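Here is the structure we will look at.
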Amino acid sequence: ATARGLRVGSCFAWGAPGADRGSFANPSYAALLKRDCGILVGENEMKWQAIRPSATQFDFTRFDAMMDWATANTLPVRGHNLLWHQPKWMPAWEENYDFGSSPSREAERLLVEHVNTVCRRYGARIPSYDVVNEAVTPADGTLYQTALSRALGGPEATLDLAFHTARAAAPGAQLVYNDYMSWEPGNANHRAGVLRLLEGFKRRGVPVDALGVQSHLVTQGMDARTAIAAIEGEWRRFLDAVTAMGYKLVITELDVRDNNLPADIAPRDTAVADFTRGYLDVMFAYPALRDVLLWGMTDRYSWIEGFEPRKDGAKRRPCPYDADFAPKPMRAAIAAAI
Ligand code: XIL
């Protein structure tokens, strides 16, 4: 990857208290990150819910520890994220907040304070931020509203302010709008909404450098070549439109949901690897793509198991390494695609 001017990396996570506390606490995972990764991202530890327990408090205990470890190992860390623009991902206090007699001024103050506090704390150690995460409603492509955006005067004004503030507070950082885009066929509204948003940013002169393509892939239960062929045309038209506007691309959260595949491990892993390879071949055709981050290196800590378990009860296998840190065909597929 380095020879091609690319970077491959992964998320890592503090995890919940308990015996097997999370990827960050596991020395085997640390060794894997050091061996395979050129860039990292905190899975949850920079989100508002994690660092902002109330309007007047910040708590960086966990993220600082992770940053310190990454810095000691000379690994840059992406910032994820400065604003997850959906009510359910903002802290409860924000959705119930009393914005007082000048709501827009108070909302602006809260958001600017948030972005400034994070960006100034980490400086150049964070070369790239998901400034705004998932602001587009998949069903109809409109923008979500939060209590913050309602007070501030609408979602556009809110997202624009987040980007302008980030540019000023972290002038050297790449600023990203990050979304999952419902990349399967038949979900065109979501992508159309993302395109409208990106066009609006350009029109209004908002400093957005790249589109974060989350890439939570879902196998379609057919052979990988057929599955990729089914999505490729629509997907390329979307990426062509994005890159024609001058946006760079970042794969921010790659993993694979092995839907509609039999539980047998060997053929399932092969199908997941083939699908990953087919997808990356499409993506690497774009020189605007430089960084590829997995949403976890090992099945052991993948969020997919909790988010959408398999219907047949078999454990999910979404990542390049299995739960015991043995490499799977998906790892070889990523290497081959590079
Ligand atoms: C997920 C984490 O992996 C989970 O641990 C958490 O419970 C919810 O968030 N899109 C994103 C990521 O932008 O922040 C999400 O991460 C996965 C989907």
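The values are calculated or read from the model by the stated rules, or taken from the named source; none is laboratory data. Bear in mind the structure is a predicted one, so any value in this text is a computation, not a measurement. Note that we place each Cβ from the backbone using ideal geometry, even for glycine, and neighbour counts take in every protein chain shown.
Brief remarks follow.
- Residue 43, sole failed condition from (1) acidic (Asp, Glu); (2) away from the ligand (no atom under 16 Å from the Cβ); (3) under 20 Å from residue 293 (Cα atoms): (2)
- Of the residues making up the range 81-127, just one is touching a Gly at 6+ places or on another chain (Cβ under 9 Å) and of a type in the set (Phe, Trp, Tyr), namely 122.
- Screening the range 78-100 for residues that are of a type in the set (Gly, Ala, Ser) and free of Cβ contacts under 8 Å to residues at least 60 places away in the same chain and picking the one that is nearest to residue 114 (Cα to Cα) gives 92.
- Every residue from the range 190-225 that is part of a helix (DSSP H, G or I) and in contact with a Ser or Thr (Cβ under 8 Å, 6 or more places away or on another chain): 190, 191, 193
- The range 27-45 - residue that is of a type in the set (A, V, I, L, M, F, W, C) and in contact with a strand residue (DSSP E or B) (Cβ under 7 Å, 6 or more places away or on another chain) and, of those, farthest from residue 118 (Cα to Cα): 32
- Scanning the range 246-268 for residues that are among the basic types (Lys, Arg) and either within 16 Å of the ligand (Cβ to nearest atom) or buried (at least 23 other Cβ atoms within 10 Å of the Cβ) (or both) gives a single hit, 257.
- Matching option when the condition is of a type in the set (Gly, Ala, Ser) and within 18 Å of residue 44 (Cα to Cα), among 102, 149, 128: 128
- Qualifying positions in the range 88-105 - of a type in the set (D, E, K, R) and away from the ligand (no atom under 16 Å from the Cβ): 94, 95, 98, 105
- Summed over the range 151-163, residues that are in a helix (DSSP H, G or I), in contact (Cβ under 8 Å) with a residue 40 or more places away in the chain and surrounded by fewer than 18 Cβ atoms within 10 Å (Cβ to Cβ) total 1.
- Restricting 193, 212, 200, 205 to those that are over 14 Å from residue 248 (Cα atoms), modelled with pLDDT of 95 or more and surrounded by 21 or more Cβ atoms within 10 Å (Cβ to Cβ) reduces the list to 193.
- Residue pairs meeting the criteria (Cβ under 9 Å; at least 6 apart or on separate chains; first of a type in the set (Phe, Trp, Tyr), in the range 288-307; second more than 13 Å from the ligand (Cβ to nearest atom) and in a helix (DSSP H, G or I)): 301/29
- Hey, residue 125 more than 16 Å from the ligand (Cβ to nearest atom) and either under 21 Å from residue 169 (Cβ atoms) or of a type in the set (A, V, I, L, M) (or both) or not: yes
- Residue selection: residue 164 fails the criterion of being under 17 Å from the mean Cα position of the chain (by Cα) and at pLDDT 95 or above.
- Test: residue in the range 139-147 that is in a helix (DSSP H, G or I), small (Gly, Ala, Ser) and away from the ligand (no atom under 14 Å from the Cβ): yes
- Qualifying residue in the range 167-177 (condition: among the charged types (D, E, K, R), under 13 Å from residue 131 (Cα atoms) and surrounded by 15 or more Cβ atoms within 10 Å (Cβ to Cβ)): yes
- Just one of the numbered conditions (1) aliphatic (A, V, I, L, M); (2) over 21 Å from residue 205 (Cα atoms); (3) under 20 Å from the mean Cα position of the chain (by Cα) is not true of residue 131: (2).
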